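As structure tokens, the structure follows; a few thoughts come after it.
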Amino acid sequence: MQVSSRITDCCRSLTLGALTLCAALSGANGQAPTPGSATISTIPPWVSTQSADWANAKRGVMLADMSKCESASALSATMKRRHWKTIPYELIGGQKGVMIWASQETNAPPVRVRLGVKGWYAIYVGVFSGAETPSLAWIKLSTDPAPVSRQNSNTDYYGNVQDAFFKVAELKGDETVQVAQQSSGYKVGCGVAFVKLIPLTPTEVAGWQADRNRQAHRGMTVTCDGFSFIYYRRPTTAEDLLAEIEPLRNTDVDTLILQSFGADKVSYPTKVGHMPGQKMDDYLVPGHRYFSEAVRELARKQINPVKVLIDGAHDAGIKVHVGIRPAGWSFVEPFTDFWETPFYKQHPEWRCEDRDGTPVTRLSWAVPEVRKHLVDLLSEMAGFGADGAHVVFNRGYPLTLYEKPFVDLFLKQHGIDPRKLEESDPHIAHLRSDIVMTFFREVRLALDQEQSRRKNGKRLVISAMLLGNEPDNLQYGVDVRRLVAEGLLDEISIYPYDFGARKGGFDMKFFREVCGPKGIPFRPAPVGSDPKGLLEQSLSFYEQGADGIAFWDASDPDINRWSLISRLGRTAEMRARLRDGIRKQTYYFFHRLGDNVMNGRYGPIWGG
């Protein structure tokens, strides 16, 4: 909430109806003052996301009557299925308008607002949130390939409008802004109060264009698990899929890790893997049904999600590495009907076993057939146009344990059962390392064959997401030194902790010493949700020799947070943000919403 601590403390102490003092403190236009805003001089306005930071902010055009959209037949004065409810409002400060609102179950169609202006503009959208009614709005300019989301989940003061930055664009005069709710998958309500257009000065246009053309900062790797967005949104068109890529455009991201979400599970008709949920008629959670329905419908339309995402990323100037999660063969009950695949179920003899014979829900890389299955899957996905292959080791361990295939190999090499040795015996780790090396050689061969098939001479790379230090990887056979020395790892992302880590944390010195001489980029992943902490972590990584930043599940509908995450390749800008203070989102508050006065001494909330 963008208010000073004085305002926040004051508002918390007031009764629910007595918001007049808060309104007075928030300023004449209903916008809370920004702490330290006068000191912001080094952060350009398209980065700050604050509409007040543009030189022509006071000349902005507010399209506040959303009932004037081009889809008036989709509007209603009352709640009605497949219609947007129109709600008159007046903000503190006097701005009047008409908001449109669709509830979680409304299934309202998209509506379009004609902008009617020419030139360069910063476009903002007023996203509503009220008592128990947060909003997620999908916003798209008519010239965009796909929409992006803007979210307001702030229910303070029982009604507010987030001044959400959408984008900078050169408008020709005939564009529209499309507003849509998320009406498939996990449905979400949506309210939009206005579209705001701020004309840019020539200096701002030149600065924005230079920012977009600058390539030196593009040093971020982000991940997409290939599942969650289908689980939540149930996309059934190419445009729906591309909405996962569009937020990455014009950011510091240069590489997308696009994963199969668990071992050999995929989202498209496959010759190698398995498209889950297709023979089920009952699902543990709605998201599993949404995923199954979506991929079935996409397949019927001959739309391959992986290829669409690869092509969309390339259109945005982003490389794509397709990846596997080696540990994702099974999950806890009652998830197994959806999660376990035929290959896993048909080969219990290839599953890993612990020292005491306890079965483990992994398939062993000591088995050539298991490795071939995964290499074939990577090859199939790379064949859709990817720039490389990736192994998600922070969702992958263990790869081998003490199952019979491993024990037999060890007996053949050393003449002793490895279960009779200490687990720390270096011969055990070395055999595991040999097996992992063999897998990477097999991947290299498959990618070389794909490269030969393409006949463009461009080498396909191998990358991996590793745990953050040498011992945590080495205990599972991933010997980074050997892989790098043999040229089997071209790019590295590192994750500080997750399943399988014992030591935990980052050993930046190790990765710097191993990767530096070979020119292999390594990108650590900051963790946590605190913006200040993310900046401080990322800067410390650069100071310790990192080539860039990796970010796990990067896309974020909170534009204030995303404007920070998406620019973690710019160290000077990151230092300026820390020096000047982290900007918070701007909100407007209501004087009147519908027939209700919201900031009187006795508000409408008491009777609820």
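The values are calculated or read from the model by the stated rules, or taken from the named source; none is laboratory data. Since the model is a prediction, treat every value here as computed from it, not as a measurement. Please note: Cβ atoms are built from the backbone with ideal geometry, for glycine as well, and neighbour counts cover all protein chains shown. Accessible surface areas use protein heavy atoms only, side chains included; no ligands, DNA or RNA. Shrake-Rupley method; radii C 1.70, N 1.55, O 1.52, S 1.80 Å.
Helix check for the chain. Which DSSP H runs span at least 30 Å along their own axis by Cα, with a mean Kyte-Doolittle hydropathy no less than 0.5? Kindly include the intermediate steps, with their values, before the conclusion.
Values: long enough: 426-454 (42 Å, -0.48).
Helix filter hits for the chain: none.
When only DSSP loop residues count, what chymotrypsin sites (Phe, Trp or Tyr not before Pro) in segment 193-271 have their Cβ near at most 15 other Cβ atoms within 10 Å?
none
Heavy atoms only, probe 1.4 Å: what % of the accessible area of the chain goes to carbon and sulfur, would you let me know?
51 percent
Within the chain, what percent of beta bridges assigned by DSSP are antiparallel, to the nearest 5?
About 65 percent, rounded to the nearest 5.
Can you give the calculated 222 nm mean residue ellipticity of the chain, where each DSSP H run of n ≥ 4 adds -39,500 (n - 2.57) and the sum is split over every residue, rounded to the nearest 500 deg cm²/dmol? Walk me through the numbers on the way to the answer.
Values: 19 runs with 181 residues, N = 608.
When only DSSP H runs of four or more count, the value is -8500 deg cm²/dmol.
Chymotrypsin sites (Phe, Trp or Tyr not before Pro), restricted to segment 420-501: which are DSSP loop and have at most 15 other Cβ atoms within 10 Å?
Details: sites: Phe439, Phe440, Tyr476, Tyr497, Phe499; in loops: Tyr476, Tyr497, Phe499.
Qualifying residues, ordered by number: Phe499.
Give the distance, in whole Å, between the Cα centre of segment 568-608 and the Cα centre of segment 483-558.
Their Cα centres are 34 Å away from one another.
Dividing the alpha-carbon Rg of the chain by 2.2 N^0.38 Å yields what?
Working: Rg = 26.7 Å, N = 608, 2.2 N^0.38 = 25.1 Å.
Computed over Cα atoms of the chain, the ratio equals 1.06.
How much of the DSSP beta bridge set in segment 343-491 is antiparallel, as a percent to the nearest 5? Display every interim value, and only then the final one.
On the way: 2 of 8 bridges.
Bridges in segment 343-491 that DSSP calls antiparallel: roughly 25 percent.
So how do Thr255, Thr237 rank on accessible area, 1.4 Å probe, biggest first, that is with the largest at the start?
Values: Thr255 0, Thr237 50 Å².
Largest accessible area first, the residues go Thr237, Thr255.
Calculated FRET efficiency, Val332 and Asn596, Cβ-Cβ r, R0 51 Å, to nearest 0.05?
Rounded to the nearest 0.05, the efficiency is 0.60.
Taking DSSP loops as anything outside H, G, I, E and B, show the longest stretch in the chain free of GluC sites (Glu not before Pro) there with at most 16 other beta carbons within 10 Å.
Longest stretch, sites excluded: 133-421.
Along the Cα-to-C-beta direction of Gln278, a point sits 7 Å from the Cα; which residues of segment 351-376 have their amide N less than 20 Å from that point?
Only 373-376 fall inside the zone, counting backbone N under 20 Å.
Determine the shape class of segment 375-428: with a ≥ b ≥ c the square roots of the Cα gyration tensor eigenvalues, call it rounded for a/c under 1.5, and otherwise prolate if a/b is greater than b/c, oblate otherwise.
prolate
Using 0.36 nm per residue, how much length does the chain from Ala429 to Ser76 gain when fully extended, once their Cα-Cα distance is taken away?
Stretched fully, the Ala429-Ser76 segment lengthens by 120.3 nm.
Using a cut-off of under 14 Å, list every residue of segment 357-381 whose amide N is near the label point 7 Å from the Cα of Arg419 along the Cα-to-beta-carbon line.
Counting backbone N atoms under 14 Å from the label point, the list is 357-360.
Quick check: net charge around Ile492, other residues with Cβ under 10 Å of its Cβ, Lys/Arg +1 and Asp/Glu -1?
Surrounding charge for Ile492 is -2.
Strictly over 32 Å apart at the Cα level, which of Lys85/Lys279; Lys319/Lys509; Lys458/Lys584; Lys265/Lys584; Lys265/Lys319 would you flag in this model?
Lys85/Lys279; Lys458/Lys584; Lys265/Lys584
Looking at segment 490-564, which trypsin sites (Lys or Arg not before Pro) are DSSP coil and have at most 16 other C-beta atoms within 10 Å of their C-beta?
Arg502, Lys503
Can you grab the distance from the C-alpha centre of segment 238-256 to the C-alpha centre of segment 41-79, Å, no decimals?
If you average the Cα positions of each part, the centres end up 23 Å apart.
Over the heavy atoms of His427, what accessible area does a 1.4 Å probe trace out, to the nearest 10 Å²?
90 Å²
Give me the 1.4 Å probe accessible area per residue for the chain, excluding ligands and nucleic acids, in Å². The partial results should precede the final answer.
Working: 25090 Å² over 608 residues.
Heavy-atom SASA per residue in the chain reads 41 Å².
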